[in-house]
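The values are calculated or read from the model by the stated rules, or taken from the named source; none is laboratory data. The structure displayed is predicted, hence computed values, not measured ones. For neighbour counting, all protein chains shown are included, and Cβ atoms are generated from backbone atoms with ideal geometry for every residue, glycine included. The accessibility values were calculated without ligands, DNA or RNA, using every heavy atom of the protein model including side chains. Shrake-Rupley method; radii C 1.70, N 1.55, O 1.52, S 1.80 Å.
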Amino acid sequence: DMYSAKRRRGADQDYRPSAAGETTIFSPADLDAALENRQFQLYYQPQFSAQGKLRGLEALLRLDDPILGIVTPDAFISVAERNDIIIPVGAWVLRQALHDAAQWGLQAMDGVRMVVNVSARQIEQPDFAGDVLAALRECEMPASCLEIELTERTIARDIAQAMIQLNKLHAEGVRISIDDFGMEHSCLGVLHKLPIDTLKIDRSFVRALHSEPAVLPIVEAIVSMGKTMLKRIVAEGVETEEDIQALAKLGEMDLQGFYFSRPQSFEVISQRLEEWRSGVVMGVSRPWNSD
Ligand code: C2E
Ligand code: MG
Ligand code: MG
Ligand code: MG
C-alpha cells in the first residue's frame, strides 16, 4: 500500500505514483481538505536561454501530505480535473505563483516570466481571463511577467472559447505557451489563429533524440516552424549534456530540466535566484554555449 511504498522509498524523495491504478489515492474530499488545510505547495523549475540567461520559472503543484510527504501532480491532478476542484486549486496556484513572483521581484528582472499551468476546466470558465487579470492586479504584477501554459488537448476541447480567453489575456500582455507540443491532439490547424508565444517541446521527444533517429525530423520541424512563426521554443526534460548538444544543433531555444534544476521549493529557489540571475548555471561555464 502507499504507506509501505513511502517507507521503501525513504523519507527524502517525492512520492510519484508508478502505476495508473495508484492515481486515485486522493478522493475529491481529500483534495478539498488539502486546499482548506493549506497543504498545496508550489515548487518552481527554472528555464534558461542557450546562453545561460534565466528566462522563466515554471510553477509546479505539489501536495504536502502528512503521511506521504511531498506528492507530485500525477497522484491527484486528474481527480482534481474530473471533480472541478481544479478550479479553486488553479485559482490558488495563480495567486500563489504571482505572489511569489512579486516576492522575488520578477518584474524587475529583464524578461523573466512566471509560468503557470492551466487546465481545460479553468479556461472553460467564462470569467477565466478576467480572473487572471484580477490576480495580476492583486499581486501588483505586470501582465508581461506571466505566461500561462496549456496543452493542445485543453485548447482542442473548445477552440472558440479558448480563443476568446486567450485573446483577452494576450491583448493585456500575458504570454501563452503550448505545453507538451506535438504529443497529441495536434493544434496545427489553429496555431496561426491563436495568440501563441511559446512552443514547448515535449520531454518524450527530448529523451528520444539520441535513441530514436526517427524523432529528429519531428523536433526539427517543430523548431523550424516555431522559428518561422517567431515563437519562443522551450525544450523540456533536459537531463544531460548530450541532450543540450543535440538540441543546440537544431537551433536557438530555451532549456528546462533536471540538468539545470529539479523543481524546488520557494525557499530553495530564493537561495539560488541570485546566482542564476548572474549567469552561473550549475557552477559550470555553459559548456553548450558555442559562441
Ligand atoms: P508539465 O507542465 O509538462 O511539467 C513538466 C513535468 O516534467 C514536471 O512534472 C517536472 O517536474 C517534470 N520534469 C522537469 N524536468 C524534467 C527532467 O529533466 N526529467 C524528467 N523526467 N522530468 C522532468 P510534475 O511537476 O510532476 O508535473 C506533472 C504535470 O502536472 C505537469 O506537466 C502539468 O501538466 C501538471 N501540473 C503541474 N502543476 C500544475 C498546476 O499548477 N496546474 C495544472 N492544471 N497542472 C499542473
Ligand atoms: Mg507545464
Ligand atoms: Mg510539459
Ligand atoms: Mg510533457
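Worth pointing out:
- Electrostatic bookkeeping for C139 treats Lys and Arg as +1 and Asp and Glu as -1; over the other residues with beta carbon under 13 Å from its beta carbon, the sum is -2.
- Think of a 1.4 Å ball rolled over the protein heavy atoms: the chain then has 47 Å² of accessible area per residue.
- Amide H to amide H distances under 5 Å link A50 with M253, where only residues 5 or more positions off or on other chains count and H is placed in the peptide plane.
- Taking the inverse of the mean reciprocal distance over all distinct Cα pairs, the Kirkwood hydrodynamic radius of the chain comes to 19.8 Å.
- What the phi angles of segment 69-75 give under the Karplus curve with 6.51, -1.76 and 1.60, with θ = phi - 60°, is a coupling list of x, 6, 10, 8, x, 4, 7 Hz, glycine and proline written as x.
- Neighbourhood net charge (15 Å Cβ-Cβ; Lys/Arg +1, Asp/Glu -1) for P126: -2
- The apolar share of the surface of the chain, taken as the fraction of accessible area on carbon and sulfur atoms (1.4 Å probe, ligands and nucleic acids excluded), comes to 51 percent.
- Summed over qualifying helices (DSSP H, 4 residues or more, each -39500 (n - 2.57)) and divided by its residue number, the chain shows a 222 nm mean residue ellipticity of -12000 deg cm²/dmol.
- Share of pairwise Cα-Cα distances greater than 17 Å in segment 170-235 is 39 percent (whole percent).
- For segment 29-123, the share of DSSP beta bridges that are antiparallel, to the nearest 5, is 75%.
- Taking the DSSP bridge list for the chain and keeping only pairs wholly inside it, about 40 percent are antiparallel.
- Partners for K227 among lysines (Cα-Cα distance below 22 Å; same-chain residues under 8 apart left out): K53, K193, K200, K249
- Distances between placed amide hydrogens fall under 5 Å for G56 paired with Q47, R113, all partners being 5 or more residues away or on another chain.
- The amide H of Q264, built 1.01 Å from its N in the peptide plane, has Y44, Q45 as neighbours under 5 Å, considering only residues 5 or more places off or on other chains.
- Residue-by-residue Karplus 3J(HN,Hα) for segment 81-90, coefficients 6.51, -1.76, 1.60, Hz, glycine and proline x: 6, 6, 10, 6, 5, 4, 5, x, 5, x
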